[in-house]
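Enquirer: Please read through the structure below; I'll follow up with questions.
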Amino acid sequence: MSEQQTLYHEHLPAVEAGVSDPSSSRTVRVFRQCSGFSFLGRGKQDIFRAELPLCECDGPLSESVHDHLWQEITTTAEEVEVNILEEKHWGRHYFVWDSYYDIRFHLQVCTPRVVSLLEKREYMHDSAVHPGLSVIGRNFIWQDSIPLEIGLAGLFKDSPSSEWFQVLAKEVEADLRRQNAYWIDDHLPFEGFDQFVIMEKGLKILFQPYEIDTGPYFNFIEVVVSWDLLGPYLKPGAATTIWYQQLQKR
């Protein structure tokens with residue numbers, strides 16, 4: 001390799017415990033990585049950063065969830081890093097902007113039986129006009145001594161007419177109309193909801209930016225449906241149902 005053509009492929013994992021937000025007392029684990037290349041004094045740099053709060057609640061579920069999500073973070077970091085000499089495509093990156101990929105998890109519920117997090121992924125791809133944002137609900141339960149990531153239907157008891165979904169869809173539609181969601185009529189009738197998180201006050205349904213309403217790019221929509229409405233339809237004996245019953249006794 002000549003002196004004029006140099007590759008930098010630098011890992012800065014900075015795996016550390018720290019508080020990124022001074023107003024919050026929650027400790028987070030941080031991963032940082034910088035990769036890219038330079039050629040004749042030009043090039044690009046990609047920054048990858050992730051934050052995962054320490055799930056400090058009793059029981060093995062929180063530890064399992066933390067290890068699982070941290071493995072996801074490190075795997076994603078490997079996938080997005082730039083190694084121009086190996087991939088043989090430095091030319092197409094020569095005049096593009098630097099880019100970044102940022103993953104942050106926000107803890108919603110942390111108990112021995114239920115752990116729920118909101119995952120936000122913000123990114124700026126090469127030559128993109130503006131950043132992008134995706135929101136993902138990550139919901140885990142401790143079932144039969146096994147940690148499981150659960151989907152929406154797994155929370156509720158089976159019924160031929162899916163009564164729970166009818167109640168949920170009705171409340172979501174009413175709330176979206178109160179929010180004047182621009183494209184709500186294009187989504188009716190609702191057939192399912194892709195993303196949700198479990199909260200103490202209810203089930204939060206998530207819509208991506210531009211999915212149900214206009215921008216800006218970071219404008220994702222949330223609708224919270226109370227457990228008072230959904231509680232009667234929860235699956236008997238399930239981890240989330242037991243958690244909800246304990247919540248009622250407080």
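Derivation of every value follows stated rules applied to the coordinates shown; laboratory data play no part. Not measured: the values here are computed from a predicted model. Glycine gets a Cβ as well: all are built from the backbone with ideal geometry, and neighbour counts include every protein chain shown.
Enquirer: Between V129 and A174, how high is the FRET efficiency from 1/(1 + (r/R0)^6) when r is the Cβ-Cβ distance and R₀ = 51 Å? Nearest 0.05.
Expert: Plugging the Cβ-Cβ distance into 1/(1 + (r/R0)^6) gives 0.90.
Enquirer: Taking 0.36 nm per intervening residue step and subtracting the Cα-Cα distance, what contour gain separates K249 from A153 on full extension?
Expert: 32.1 nm
Enquirer: For segment 146-223, what is the Kirkwood estimate of the hydrodynamic radius, computed as the reciprocal of the mean inverse distance between distinct Cα atoms, to one decimal in Å?
Expert: After inverting the pairwise mean of 1/r, the radius is 13.7 Å.
Enquirer: Another one. Please list, ordered by chain and number, the residues whose modelled amide H lies under 5 Å from the amide H of G202; skip anything fewer than 5 residues away on the same chain.
Expert: Those lying under 5 Å, H to H, from G202 are W227.
Enquirer: If R0 is 41 Å, what FRET efficiency do you get for R32 and V167 from their C-beta distance, rounded to 0.05?
Expert: Once the sixth-power term is evaluated, E becomes 0.40.
Enquirer: Bin width 10 Å, alpha-carbon pairs only: give the P(r) of segment 96-250 as whole percents, running from 0 to the bin holding the largest distance.
Expert: Percent of Cα pairs in each bin: 10, 36, 33, 16, 5, 0.
Enquirer: What ranking of S134, S116 emerges when the number of other C-beta atoms within 10 Å of each C-beta is taken as an exposure proxy, fewest first?
Expert: Ordered by Cβ neighbours within 10 Å, fewest first: S134, S116.
Enquirer: Within 9 Å, Cβ to Cβ, of F207, how many net charges do the neighbouring residues add up to if Lys/Arg are +1 and Asp/Glu are -1?
Expert: Charge balance in the 9 Å sphere: -4.
Enquirer: For the ranges 232-243, 151-162, what's the packing order if you count other beta-carbon atoms within 10 Å of each residue, average per peptide, and put the highest first?
Expert: Highest mean packing first, the order is 232-243, 151-162.
Enquirer: Which of the lysines could a cross-linker span from K201 if the Cα-Cα distance has to be under 26 Å and same-chain partners fewer than 8 positions apart are dropped?
Expert: Here the lysines satisfying the reach criterion relative to K201 are K120, K157, K170, K235, K249.
Enquirer: Report the FRET efficiency, 1/(1 + (r/R0)^6), for S145 and R121, where r is their Cβ-Cβ distance and R0 is 35 Å, rounded to 0.05.
Expert: 0.65
Enquirer: Three principal axis extents, largest first, for the C-alpha atoms of segment 147-189, in Å?
Expert: Over segment 147-189, Cα extents along the principal axes are 37, 26, 16 Å.
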